[in-house]
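Peer 1: Got a structure for you, questions after.
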Amino acid sequence: MPPKEWDYKKNAIFAEIAYCLSVISVIINGIDFRRMSKEKYRALCQTEESIPIFSQDWWLDVVCGEANWDVLLIEKNDRILAAWPLYIPLRGVVTMPPYTQTMGVWFAPTSDDTKYHSTLEKRQALCNQLIEKLKTRVFLQNFNYAFTDWLPFYWKGYKQTTRYTYLLKDLNNRNVLRENMNRQMRRNIRDARNKFNIEVKSGVAADSFIQIQDQTFERQRLRNKQDPHVLRHLIAACRERKQGDIWGGYDSDGQLHAAAFVVWQKRSAYYIAGGGNPSFRHSGAHSLVLWEAIKQVSQYTDTFDFEGSMLPGVERFFREFGGVQTPYFAVSKGKIGLLDRAIIKLSKAYRCKT
């Protein structure tokens, strides 16, 4: 082989090797950068009480899997100004994890004397920076009701659907809570206690809860799309942290009529899931169970979030409890395809087996 031709091929080989090394370097640096971001976010979650429970690192570890969530950060002078946790079940796809009402962008608290227009301007700028960092082809996320300005997303071509939850405030003011209830709700609670002798207990076993939840879906002829394995792990994690429990209503024969899984933090308590035995629907146990759970969690917080529902029957039940209708945003872009759904479903099934 002539020397010139060999020199040309040798340089081409070296160039190819250099390119491969640069790609590997970018990948490694990207992984290190993401790892650093998650470590910083985990540290932030240990000290920042204003981060909603659904966006806490330990919650995301359970409902997403440690490897399936990430976080985008905006920092200045070693201080985190904004954080955006993301559930990424498939590369390029961001969506909502199970048993999680909302996520969205978290902003560092501002001082009480900060003017509203100044706060709005800064948060819009932070959102713009976060959106620029987001590399995804499909996006769907419910934002916490405290997030009221989705204009930066609108300007970038995202769509928004308004959803609703119902909130009870000032939980220790029992008289006002009772007065704000629908008359039928008060009667159901009274009859469950006095007529059907329902006794509410905490610490219901996870298996008993899942069984009664399955009975509810069977009565409605629906399939529970949520993963019971995730629910078991979530119940265990919340109980270990003393941030969640299951309340159940039992009759004098020890039969479980209804149950509710509720979690809490200082800013709010949240109704995650519930169910009732179809044979005892007339007992009003579900109403009594929730009422007793609300009274119990009032020692930890002054707000109860029913987590809302767009189903007419469920919405009416929450409304009759006296909850205040509160809107929140479901922000989206792109549409998840059938192949994406199949791959995500298969990966979830594999994680359950392992």
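Peer 1: Confirm whether T136 is part of a strand (DSSP E or B) and surrounded by fewer than 18 Cβ atoms within 10 Å (Cβ to Cβ). If you could, list the steps in order and put the result at the bottom.
Peer 2: Working: part of a strand (DSSP E or B): no; surrounded by fewer than 18 Cβ atoms within 10 Å (Cβ to Cβ): yes.
Here the answer is no, as T136 does not meet what is asked.
Peer 1: Let me ask something else about it. Look at L130 and say whether it is outside any helix (DSSP H, G or I), open to solvent by less than 40 Å² (accessible area, probe 1.4 Å) and either of a type outside the set (S, T, N, Q) or closer than 21 Å to A237 by Cβ (or both). Let's see the steps before the verdict.
Peer 2: On the way: outside any helix (DSSP H, G or I): no; open to solvent by less than 40 Å² (accessible area, probe 1.4 Å): yes; either of a type outside the set (S, T, N, Q) or closer than 21 Å to A237 by Cβ (or both): yes.
The answer is no for L130.
Peer 1: Can you pull out the residues in region 311-323 that are touching a residue at least 12 places away in the same chain (Cβ under 8 Å) and open to solvent by 90 Å² or more (accessible area, probe 1.4 Å)?
Peer 2: Across region 311-323, the qualifying residue is only R319.
Peer 1: Could you grab the pairs with beta carbons closer than 6 Å, sequence gap of 6+ or different chains, first residue in region 63-80 and touching a residue at least 40 places away in the same chain (Cβ under 8 Å) and within 24 Å of P109 (Cα to Cα), second one basic (K, R) and surrounded by fewer than 19 Cβ atoms within 10 Å (Cβ to Cβ)?
Peer 2: Taking only residues 6 or more apart or on different chains, the pairs are L72/K133.
Peer 1: Need the failing condition index for Q220 against (1) without any contact (Cβ under 8 Å) to a residue 40 or more places away in the chain; (2) open to solvent by less than 90 Å² (accessible area, probe 1.4 Å); (3) over 21 Å from F317 (Cβ atoms), just the number.
Peer 2: Unmet for Q220, out of (1) without any contact (Cβ under 8 Å) to a residue 40 or more places away in the chain; (2) open to solvent by less than 90 Å² (accessible area, probe 1.4 Å); (3) over 21 Å from F317 (Cβ atoms): (3).
Peer 1: To continue, here is another question. Give me the pairs, please: first residue somewhere in region 136-157 and hydroxyl-bearing (S, T, Y), second residue anywhere and surrounded by fewer than 20 Cβ atoms within 10 Å (Cβ to Cβ) and part of a loop (DSSP other than H, G, I, E, B), beta-carbon distance under 8 Å, and either six or more positions apart or on two chains.
Peer 2: These pairs meet every condition: T136/G92; T136/G334.
Peer 1: Regarding region 111-124, can at least one residue be identified that is part of a strand (DSSP E or B), of a type in the set (D, E) and either more than 25 Å from L90 (Cβ to Cβ) or open to solvent by less than 20 Å² (accessible area, probe 1.4 Å) (or both)?
Peer 2: No, there is no match, as no residue in region 111-124 is part of a strand (DSSP E or B), of a type in the set (D, E) and either more than 25 Å from L90 (Cβ to Cβ) or open to solvent by less than 20 Å² (accessible area, probe 1.4 Å) (or both).
Peer 1: Could you list, ordered by first residue, the pairs with Cβ atoms under 8 Å in which the first is in region 256-276 and under 14 Å from G203 (Cα atoms) and the second is of a type in the set (D, E, K, R), at least 6 apart or interchain?
Peer 2: Close Cβ pairs (under 8 Å, with a partner that is of a type in the set (D, E, K, R)) amount to F261/D245; V262/D245.
Peer 1: Tell me, which strands (runs of 3 or more DSSP E) wholly within region 197-310 include 1 or more residues that are over 16 Å from the mean Cα position of the chain (by Cα) and either farther than 26 Å from R186 by Cβ or modelled with pLDDT under 95 (or both)? Outline the logic, then answer.
Peer 2: Values: elements: 199-202, 244-250, 256-264, 269-276, 303-305.
It comes to 269-276.
Peer 1: If you don't mind, another one. Out of I272, I336, I344, which single residue is in contact with an Asp or Glu (Cβ under 8 Å, 6 or more places away or on another chain) and surrounded by 12 or more Cβ atoms within 10 Å (Cβ to Cβ)?
Peer 2: Values: I336 fails: in contact with an Asp or Glu (Cβ under 8 Å, 6 or more places away or on another chain); I344 fails: in contact with an Asp or Glu (Cβ under 8 Å, 6 or more places away or on another chain).
Result: I272 is the single residue among I272, I336, I344 that is in contact with an Asp or Glu (Cβ under 8 Å, 6 or more places away or on another chain) and surrounded by 12 or more Cβ atoms within 10 Å (Cβ to Cβ).
Peer 1: Do the conditions hold for Q184, that is, is it in contact with an Asp or Glu (Cβ under 9 Å, 6 or more places away or on another chain), open to solvent by 50 Å² or more (accessible area, probe 1.4 Å) and of a type outside the set (S, T, Y)?
Peer 2: On the way: in contact with an Asp or Glu (Cβ under 9 Å, 6 or more places away or on another chain): yes; open to solvent by 50 Å² or more (accessible area, probe 1.4 Å): yes; of a type outside the set (S, T, Y): yes.
Against the criterion (in contact with an Asp or Glu (Cβ under 9 Å, 6 or more places away or on another chain), open to solvent by 50 Å² or more (accessible area, probe 1.4 Å) and of a type outside the set (S, T, Y)), Q184 qualifies.
Peer 1: Quick one: is V105 buried (at least 19 other Cβ atoms within 10 Å of the Cβ), modelled with pLDDT of 95 or more and within 21 Å of the chain's Cα centre (by Cα)?
Peer 2: On the way: buried (at least 19 other Cβ atoms within 10 Å of the Cβ): yes; modelled with pLDDT of 95 or more: yes; within 21 Å of the chain's Cα centre (by Cα): yes.
Yes.
Peer 1: Let me ask another. Taking region 223-238, which residues are open to solvent by 30 Å² or more (accessible area, probe 1.4 Å) and either in contact with a Pro (Cβ under 6 Å, 6 or more places away or on another chain) or more than 11 Å from A206 (Cα to Cα) (or both)? Quick ask: steps written out before the conclusion?
Peer 2: Taking region 223-238 first, the residues open to solvent by 30 Å² or more (accessible area, probe 1.4 Å) are 223-229, 232-233, 236.
Within region 223-238, R223, N224, K225, Q226, D227 qualify.
The values are calculated or read from the model by the stated rules, or taken from the named source; none is laboratory data. Just so you know, these numbers come straight off a predicted model, no measurement behind them. When we count neighbours, we look across all protein chains shown, and the Cβ atoms used for this are built from the backbone with ideal geometry, even at glycine. In case anyone asks, the SASA skips ligands and DNA or RNA and just uses the protein heavy atoms, side chains included. Shrake-Rupley method; radii C 1.70, N 1.55, O 1.52, S 1.80 Å.
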